[in-house]
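Some notes on the structure that comes next.
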Amino acid sequence: MSWAVEEWKEGLSPRVLQKIHELESQVDKLKKERQQRQYQLETLEAALQKQKQKVENEKNESTILKRENQSLMELCDSLEKAKQKISHDLQVKESQVNIQSGQLNSSKKDIERLEQELKR
């Protein structure tokens, strides 16, 4: 088969044959270079896809973390409001205890006074 491919070169001058040989060598060199670049391109495309997937995963994780953060902030707000309500309720009850303690002391004094009067 290669003989048939080479048949068309018969009768050409050595200078032309040399030029054909140079061009064929150049074609082979360019084919190899093209294959190398194709491989590089495929490698870079694979790396790009990997990076795109990584970015997409990080975006998804970021979205999840933002939602979780929002939920935690809402929970903190809810707990803070509950704490404030409990604190207010405690203050009200302490005031009531103080009032009742004052009333108890006053009643004790009244009882002591009445007991003193009864003894007389």
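Could you please state, rounded to a whole Å, how far the C-alpha centre of the stretch 80-107 is from the C-alpha centre of the stretch 1-78? The distance from the Cα centre of the stretch 80-107 to that of the stretch 1-78 comes to 77 Å. Accessible surface calculations at 1.4 Å, restricted to protein heavy atoms, place the chain at 98 Å² per residue.
Which percent of the accessible area of the chain is formed by carbon and sulfur heavy atoms (probe 1.4 angstrom)? Walk me through the numbers before you get to the answer.
On the way: 6470 of 11730 Å².
Answer for the chain: carbon and sulfur cover 55 percent of the accessible area.
For the chain, the 222 nm mean residue ellipticity estimated from helices alone, with every DSSP H stretch of n ≥ 4 adding -39500 (n - 2.57) and the total spread over all residues, rounds to -35000 deg cm²/dmol. Between residue 83 and residue 98, the simple spin-label model (points 7 angstrom out along Cα→Cβ) gives 2.3 nm.
With θ taken as phi - 60° and the Karplus curve 6.51 cos²θ - 1.76 cosθ + 1.60 applied, the whole-hertz 3J(HN,Hα) list for the stretch 40-53 is 4, 4, 5, 5, 5, 5, 5, 5, 5, 4, 4, 5, 4, 5 Hz, x standing for glycine and proline. Residues in the stretch 66-83 carry Karplus couplings, in order, of 5, 4, 4, 4, 4, 4, 5, 5, 5, 4, 4, 4, 4, 5, 5, 5, 4, 4 Hz; the curve used is 6.51 cos²θ - 1.76 cosθ + 1.60 with θ = phi - 60°, and Gly or Pro positions show x. Straight-line cross-link partners of residue 9 among the aspartates and glutamates, defined as a Cα under 17 Å from its Cα and at least 8 positions apart when in the same chain: 22, 24. Whole-Hz Karplus values for the stretch 24-31 come out as 5, 4, 5, 4, 4, 4, 5, 4 Hz, taken residue by residue from phi with 6.51 cos²θ - 1.76 cosθ + 1.60 and θ = phi - 60°; glycine and proline positions read x. What the pair-distance distribution of the chain shows, using all Cα-Cα distances binned every 5 Å from zero, is 2, 7, 6, 7, 5, 5, 5, 4, 5, 4, 4, 4, 4, 3, 4, 3, 3, 3, 3, 2, 3, 2, 2, 2, 2, 1, 1, 1, 1, 1, 0, 0 percent.
The values are calculated or read from the model by the stated rules, or taken from the named source; none is laboratory data. It should be emphasised that the depicted structure is a prediction, and the values quoted were computed from it without experimental measurement. No Cβ is skipped: glycine too gets one built from the backbone with ideal geometry, and neighbour counts run over all protein chains shown. Surface accessibility is based on the protein's heavy atoms, side chains included, excluding ligands, DNA and RNA. Shrake-Rupley method; radii C 1.70, N 1.55, O 1.52, S 1.80 Å.
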